[in-house]
1. So who's got an amide H within less than 5 Å of the one on residue 108, skipping anything under 5 residues away but keeping other chains? H placed 1.01 Å off N, in plane.
2. Taking the mean number of other Cβ atoms within 10 Å as a proxy for protection, how do you rank 109-115, 122-128 from highest to lowest?
3. Could you please report the charge total around residue 77, scoring K, R as +1 and D, E as -1 over all other residues with beta-carbon less than 11 angstrom from its beta-carbon?
4. Between residue 59 and residue 77, what length in nm is gained on full extension when 0.36 nm per residue of separation is reduced by their alpha carbon distance?
5. Among 130, 48, rank each residue by its count of other Cβ atoms within 10 Å, from fewest to most, as a rough exposure measure.
Amino acid sequence: MCDHEEPEAGCCCASDHVPRGAGGRAACHCGGNIPRHFVLPAVLLLLDEEPRHGYALFQRLTELGITDVGMSPATVYRVLSKLEEEGLAVHEHADDGQGPTRKVYTLTAEGREALAGWRSHIERTRGLLDWFLQDALKQLPSETRVRRP
């Protein structure tokens, strides 16, 4: 089964007979997982809110439900490294008195521009998703429709 804690009605994960994908993980066809490439814009947004160190970013992403089950903090550190290489973020060493110094990351002006680009892209994607949901819901029998709050 995929990462859904409680599969919704009509979700392919509600069935015990879900085909297995690579690595023995369930091949979820309902799209219940957050795309891995979404970690990058989420990190940009969180860094725009306030400077953070890598593990704090990982914890916040987990709280938001953006990380996949089994995703390692190394994923976040790879994103941070990429952001630095591209000039979108910088770090400085900070000592909070609790253990070793940590790299605290801050967005650059270029990072804020990249975030604005992601916002625009996500807004366009949301429009497509809204269109898809409207048309898809029209085609489903009413008893299989997922009720949204």
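Bear in mind these aren't lab numbers, they're just calculated from the coordinates by the rules spelled out. Predicted model only: the values in this text are computed from it and were never measured. Cβ coordinates were reconstructed from backbone atoms using ideal geometry, including for glycine residues, and neighbour counts include every protein chain displayed.
1. Placed amide hydrogens put 89, 90 under 5 Å from residue 108.
2. 109-115, 122-128
3. Every neighbour counted, the sum reads +2.
4. Here the segment from residue 59 to residue 77 would lengthen by 5.2 nm.
5. Values: 130 10, 48 14.
Placing the least packed residue first, the sequence is 130, 48.
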